[in-house]
Structures are given as C-alpha cells and as structure tokens.
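First the structure, which I've put down as structure tokens, then a few questions once you've had a look.
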Amino acid sequence: MSDTLLTTLATAMAQLVTTIDMTDEDEVDPDLTTTWFEDVAYNLGRLSTEDRHRLAALFREAAMEETRPEFREAMLEVPENFGLEDDEDDEGDESGQYGRYDEDDRV
C-alpha cells in the first residue's frame, strides 16, 4: 500500500470520526455513534502495536494540516480516544474513550 493511500485514508478517517464526534446529540443518536466507534476501536485494536503507532502518527499529521483550530484539537485526540498508543501488554483494557476490545467483547 502506498504512503499516499495510507495518508489519504488516515486523513479521511480522522476527519469522519471527528465530524461525528463533534456533531450535536440532536443530529446523531449518541448510542449509534458509540456503536460505530466501538466497531472501529475493535478493528484498530487488531492491528500490531507498530501499526497502531503508525496510524496514530498519521492521524496527528492530518490534524496538523487542519486549518480550523477547534477541529484540529479534536482530531489530535483521535489516537488517544481509540487507544492507539497503548502498549501491547495493556491489551484487553478498555483504553481510550472508545476502548480497545477483544474478540470476545464484539457483539
């Protein structure tokens, strides 16, 4: 996979997650967004530690390109919210705002 593709996908994902996260509860059901983010967290939690750290760096790079300060700050929280920089030995903890889930936790 090319670096351009990875960067583009990471940017799009960080922007989408941030947009959903910043949306008013009257516009998007919070229970629905929780389900979406838990599914994303589950899949990201399956990545190797190295890949999670690389994705976290790509999310931060995308955030730094963002021109809207409030949006940039929210994008910078995406890696932490998904527990991307947690160490492998922490696996199984519900790290980050959205947690990292084991196979058994998936509904």
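The values are calculated or read from the model by the stated rules, or taken from the named source; none is laboratory data. Computed from a predicted structure; not experimentally measured. These area figures cover heavy atoms from the full protein model, side chains too; ligands, DNA and RNA do not enter into them. Shrake-Rupley method; radii C 1.70, N 1.55, O 1.52, S 1.80 Å.
In Å², what does the accessible area per residue of region 2-87 work out to with a 1.4 Å probe?
On the way: 5140 Å² over 86 residues.
Counting only protein heavy atoms, the per-residue value for region 2-87 is 60 Å².
For region 1-57, state the average projected area of the convex hull of the C-alpha atoms over all orientations, rounded to one decimal in nm². Walk me through the numbers before you get to the answer.
On the way: hull surface 17.1 nm².
Its Cα hull, projected and averaged over all orientations, spans 4.3 nm².
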